[in-house]
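What follows is a short report on a single structure.
None of the figures in this text is laboratory data; all of them are computed from the coordinates on show. As the structure is a prediction and not an experimental result, all values here were calculated from the model. Reconstructed Cβ throughout: ideal geometry from the backbone, glycine too, with neighbour counts over all protein chains shown.
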Amino acid sequence: MTDDTSPPKLFESLRTLGSSIVAMVLTRLELASVELSEEKSRLLRMALLALVGLVFFALALFALTGLIVLMFWDEYRVQALSALLVIYLLLGGGCLLAARKVLRDSPPLFEATLAEIDKDRESLRQ
């Protein structure tokens, strides 16, 4: 008689063990996701510092532009300034389009992995 009641309890214990293992893995992955999110914040701070550095480089570029225009002041000042303006606009627009593409194409962190592990945990509970 005890053999009839043992298998269901064994399967229930195995199911509970499997669910616990999946929950533990899910917890670890969520922790990794939080750590990566903190790393993302650090990278954003670094990007802000890089942006400030780029502003100073832009000021230097502005001074260089002034120098070039002054060098061509007598004959080609308008042409030199126009050419530099077009070059700067093209380069800046290209950089902004590339940055926008990178932001649009980046997937959420571990979204698919966490969803799959959650599905596994729910299937083991049933």
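Please list, or write none, the lysines whose alpha carbon is within less than 24 Å of the alpha carbon of Lys101, excluding same-chain residues fewer than 8 places away.
Lys40
Can you list which of the GluC sites (Glu not before Pro) found in segment 57-126 are DSSP loop residues with at most 16 other C-beta atoms within 10 Å? If you can, show how the numbers build up before the last one.
Values: sites: Glu75, Glu111, Glu116, Glu122; in loops: Glu75.
Passing both the DSSP loop test and the Cβ count: Glu75.
Mind checking which aspartates and glutamates have their Cα closer than 14 Å to the Cα of Lys119? Skip sequence neighbours fewer than 8 apart in that chain.
Here the aspartates and glutamates satisfying the reach criterion relative to Lys119 are Glu111.
Using Cβ contacts closer than 10 Å as the measure, can you line up Phe72, Phe62 from fewest to most? The partial results should precede the final answer.
On the way: Phe72 14, Phe62 11.
Neighbour counts put them in this order, fewest first: Phe62, Phe72.
Projecting each Cα onto the charge dipole of the chain (Lys/Arg +1, Asp/Glu -1 at the beta carbon, about the Cα centre), which of Gln126, Ala80, Gly18 comes out farthest on the positive side?
So the residue we want is Ala80.
Quick one: helix 2-71 against the long Cα principal axis of the chain, what's the angle to the nearest 10°, folded into 0 to 90?
On a 0 to 90 degree scale, this one is about 0.
Using a simple charge model, +1 on the beta-carbon of Lys and Arg, -1 on the beta-carbon of Asp and Glu, nothing else, what dipole does the chain show about its Cα centre, in debye to the nearest 20?
My answer is approximately 380 debye.
First check a/c for the chain, with a ≥ b ≥ c the square roots of the eigenvalues of its C-alpha gyration tensor; if it is under 1.5, answer rounded, and if not, answer prolate when a/b is larger than b/c or oblate otherwise. Before the final figure, lay out each step's value.
Working: a/c = 14.31, a/b = 4.65, b/c = 3.08.
The shape class here is prolate.
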